[in-house]
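The values are calculated or read from the model by the stated rules, or taken from the named source; none is laboratory data. All of these numbers come straight from a predicted model, not from anything done at the bench. Every residue, glycine among them, receives a Cβ derived from its backbone with ideal geometry; neighbour counts consider all protein chains shown.
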Amino acid sequence: MAPRYPTYQRSAQLSASIVTPPNIDQAALREQAKGYASMAEGADRVMNFAFKEGEKRAKSRGTASGAADPTGTLEQFGGQRPVSNFEQQAAFDAAVGLASVEIETEARVAMQQTMLRYQKDKGNPQDLQQELDDIREGYASAVDDLDPLSAAKLNAKLSAAGQSLFLNYSADDLRVQEKERQAQGVTLYADAKRMADTLGRQTGSDDDLATMLAYYTDSAEQLGQTGTPAFARGIETIKNDFHIARVRGAFEKSNDKETFIEEFRDDLDKGTGLARGLFEGDKKTLGNEQLTWMRRDAAAIKAAIAAKNASIRAQSTAVSKDANAIAAAVTGGLPVSKQRGEELLVAAGQTGDDETMRIAEEAVAKIKFFDDHKRLPPAQLLQLKRLLTAKAVEDGNTAPFEKDMIDLVSGMATRAEKMRDKPVEFYRETNPETPLTPVNLADPTSLRARNDEMNNFSTIMFGTPPSSYLSADEVTDLSLRVASANVSQRMLILGNIAESFDDKGQAVFSQLKNLSPIAAHAGQLLVTNGDQELVAQALIGSDALKPENGEAVKIESAESDLINVAVRTQASSLDANSKAMLVTFVKNVVAGRRSLNAAYQLDNLPEIINRSEGAIYSPDGNHIGGGFVEYNGQTVLVPPNVDVEPDSLTSLETLIKGTKTKSLKQVSYVGGFGTGGAGYETITSYEIDAADLDSLDALPYLKGKPLEIDDNFRDNITLHTRDGVDVTLFYGSSPLLRKDGSIATMNLNDLIDLQRTKRDGLDLF
């Protein structure tokens, strides 16, 4: 078995065997030397003095040499003490002495470390003794072969050091053991008191108490803690605790507290019944204490019962209040989490009240109903309402819960209709488990996904395309990104939106009008006619007009006045806000052109105004379609697919008034509608009529009757634009109204599609 502690080792072989000189018999020589003794006596005295002086100096040199390099010295002599050279012997002895001190130091360190480990781990003292002995023997053996005397001294020193450490640890261990025994005694006593209290409250017998005390005494005896006055007092205290607990236990189990108190008072007087076992000398005091406690406890019980009842009433009220809030939320078309319903059921169950539980269960039923039907379109919800109503009145008596469910369905339908203009937010409410594709302005794929998602949702839910494609928070984010981007980045963002949403891009950009009006208008132009040149000029001008961007481009006051007058004249049918927006956009275009060309002077203003509203121009500068055109002496904003030429098949004049005959000709320009017309020389006029307006949901009424749509009507109505696509019908200065009283509006794109259908068989569009 390997030693627990290895013996001390140095690089030199300290334990090498010491060479001992052989024994030589000197008897013969002694006889021979007697003759020379007298002769040599004088010479010996002289030589002895010189020899001793030389020996002293040699030993001094050897001691200094050995002390200076003990390791080298021991290596020099191979671990063996020289036998004849005083200097070498002194060097060897000095080296051995220093090695012995070094070994002693390291041995003491090892002993101290072992002691600390045992103190930390609370090890057995006998095991510590053995390890200290192993350390002593291991380190002392390293010197044994070099110098037995030094080894013996080292062994004695280490033995004393080890013994001192062992005694200190043993004393500490005894103190710890004593503290542990005391702690065990305290624990046993405390446990006995708890057991006495438990036995008493369970109305245990005196025999039960005696058995428990016998067990306790036996354990205490094992610890050597019996036979003292303190132990005896402790036994009596335990007994008294038992009897007091017995009184309290009986009191707590009694149904009539007042009667129990009276009976206990009699027991105290007689020393019987529940009063038995109480300290005789303290019986009255203890009895009074118990009476006081019982009276106080009886009052506390009454108060607790009252408080509990009040708490139940308060909790029932809270449950009812929360149930009403849940009902109001779902009836208003707002989702409520299932977790909230579960928490309501738990709270209701804690009351123990059947009515409160019923209220909670009905609230949870409403949550489930809402969750199961939240994706129904408003029309289907209204149909469901009619079915529930019919079922509820079958017996001629509508129950309150049935009425609540009818109101819930009605509220859900109303909420859905209100959210028609906020389809993204409504989708998130009704489809929390299926999030929409996040909008990434740099990724057209994500934009197209959003387009498809919202189109599908709105079509299913409302039967129409969505009015918007972004939530309020997404609009804010888009506006911030546009504001912080440079012109190239803004062009990319606007282009991605225009491309990804196709003709629905107008709806996206309309959401930006309040936060980023110039960018919104620029984006709408990209959707309308793709005029990237004008859009870029406007975006450049928007930056150039800002003083913080260096030396701002200036638009003179006279130029500003000129732009204002031109817009009021050319865009007379626009409302005030639209005119103001157009003025701002035109100024941005002018500033952009001036930023690109410092010598730019304001010219061709009508073209700029027209192009700013989506007009299309031919390469040679002719106005082809879209922008502002005239109808009945009033300028009207029209989409690019409406031609400027009055005689064109798709002019506003032709679309509304029609033409009696028209010669077909080849038309070839951007935005126009060419016809080959092989075999056709004339076409028949198809003017707008009552059926057309009715199909476009624009048929006006007067006093409950539809107006007659004749040539007089067509020649006298004026059109006021809303957004270049939808126009309002005016007769004189008053807008015409539908049958329901709303203003009659007509979508020009729908009108073009209608006329295309009416000219069935003619490939004119």
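Structure values in brief
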{"item": "Boolean, E613 is within 18 Å of A520 (Cα to Cα), among the acidic types (D, E) and not assigned by TED's automatic domain parsing to the domain that holds V644", "result": "yes"}
{"item": "Residue list for the stretch 233-261, restricted to those being among the charged types (D, E, K, R) and more than 26 Å from K302 (Cα to Cα)", "result": "R233, E236, K239, D241"}
{"item": "Answer from A192, A214, A210, A230 - the residue that is hydrophobic (A, V, I, L, M, F, W, C), within 56 Å of the chain's Cα centre (by Cα) and farther than 23 Å from A300 by Cα", "result": "A192"}
{"item": "Residue in the stretch 273-286 that is modelled with the lowest pLDDT, counting only those that are closer than 16 Å to F260 by Cα and out of contact with any Lys or Arg (no Cβ under 8 Å at 6 or more places or on another chain)", "result": "R276"}
{"item": "Check on A107, at pLDDT below 75, part of a helix (DSSP H, G or I) and surrounded by 13 or more Cβ atoms within 10 Å (Cβ to Cβ)", "result": "no"}
{"item": "Per-region count, the stretch 329-356, residues assigned to a helix (DSSP H, G or I), surrounded by 13 or more Cβ atoms within 10 Å (Cβ to Cβ) and among the hydrophobic types (A, V, I, L, M, F, W, C)", "result": "6"}
{"item": "Matching residues in the stretch 431-446 - criterion: being surrounded by 14 or more Cβ atoms within 10 Å (Cβ to Cβ) and among the β-branched types (V, I, T)", "result": "T437, V439"}
{"item": "Any chance Y600 is free of Cβ contacts under 8 Å to residues at least 12 places away in the same chain and either more than 25 Å from P735 (Cβ to Cβ) or buried (at least 17 other Cβ atoms within 10 Å of the Cβ) (or both)", "result": "yes"}
{"item": "Failed criterion for G234 (all others in (1) at pLDDT 85 or above; (2) surrounded by fewer than 14 Cβ atoms within 10 Å (Cβ to Cβ); (3) among the small types (G, A, S) hold)", "result": "(2)"}
{"item": "Condition met for D322 (surrounded by fewer than 17 Cβ atoms within 10 Å (Cβ to Cβ) and either farther than 18 Å from P400 by Cβ or free of Cβ contacts under 8 Å to residues at least 60 places away in the same chain (or both))", "result": "no"}
{"item": "Residue match in the stretch 695-718 (condition: assigned to a loop (DSSP other than H, G, I, E, B) and of a type in the set (F, W, Y))", "result": "no"}
{"item": "Number of the condition not met by R375 [criteria: (1) of a type outside the set (S, T, N, Q); (2) within 31 Å of the chain's Cα centre (by Cα); (3) modelled with pLDDT under 85; (4) exposed (fewer than 15 other Cβ atoms within 10 Å of the Cβ)]", "result": "(3)"}
{"item": "Where a residue in the stretch 440-463 is under 22 Å from D477 (Cβ atoms) and its partner, wherever it lies, is in a helix (DSSP H, G or I) and of a type in the set (D, E), with Cβ under 7 Å and at least six apart", "result": "P444/E499"}
{"item": "Any hit, the stretch 535-557, residues being more than 14 Å from L447 (Cβ to Cβ), in contact with an Asp or Glu (Cβ under 6 Å, 6 or more places away or on another chain) and either surrounded by 15 or more Cβ atoms within 10 Å (Cβ to Cβ) or of a type in the set (A, V, I, L, M, F, W, C) (or both)", "result": "no"}
{"item": "Residue in the stretch 180-188 that is modelled with pLDDT of 75 or more and among the hydrophobic types (A, V, I, L, M, F, W, C) present", "result": "yes"}
{"item": "Residue count, the stretch 616-625 (criterion: touching a helix residue (DSSP H, G or I) at 6+ places or on another chain (Cβ under 8 Å) and assigned to a loop (DSSP other than H, G, I, E, B))", "result": "1"}
{"item": "Options D269, D322; residue that is of a type outside the set (S, T, N, Q) and either within 54 Å of the chain's Cα centre (by Cα) or modelled with pLDDT of 85 or more (or both)", "result": "D322"}
{"item": "Subset of the stretch 558-584 that is of a type in the set (S, T, Y) and assigned to a loop (DSSP other than H, G, I, E, B) - its residue that is surrounded by the fewest Cβ atoms within 10 Å (Cβ to Cβ)", "result": "S572"}
{"item": "Residue selected from the stretch 287-301 under the condition over 55 Å from the mean Cα position of the chain (by Cα) and surrounded by 12 or more Cβ atoms within 10 Å (Cβ to Cβ), by the criterion modelled with the lowest pLDDT", "result": "G287"}
{"item": "I540 vs. criteria closer than 19 Å to L494 by Cβ and either assigned to a helix (DSSP H, G or I) or not assigned by TED's automatic domain parsing to the domain that holds D726 (or both)", "result": "yes"}
{"item": "Elements of type helices (runs of 4 or more DSSP H) contained in the stretch 388-482, each with 2 or more residues being more than 27 Å from I367 (Cα to Cα)", "result": "444-462"}
{"item": "Subset of the stretch 747-765 (residues that are outside any loop (DSSP other than H, G, I, E, B) and at pLDDT below 80)", "result": "K758"}
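Condition check ((1) of a type outside the set (A, V, I, L, M); (2) modelled with pLDDT of 90 or more) across all residues:
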site: K665; (1), (2): yes, no
site: Y686; (1), (2): yes, no
site: L696; (1), (2): no, yes
site: Y701; (1), (2): yes, yes
site: V727; (1), (2): no, no
site: Y731; (1), (2): yes, no
site: L736; (1), (2): no, yes
site: T745; (1), (2): yes, yes
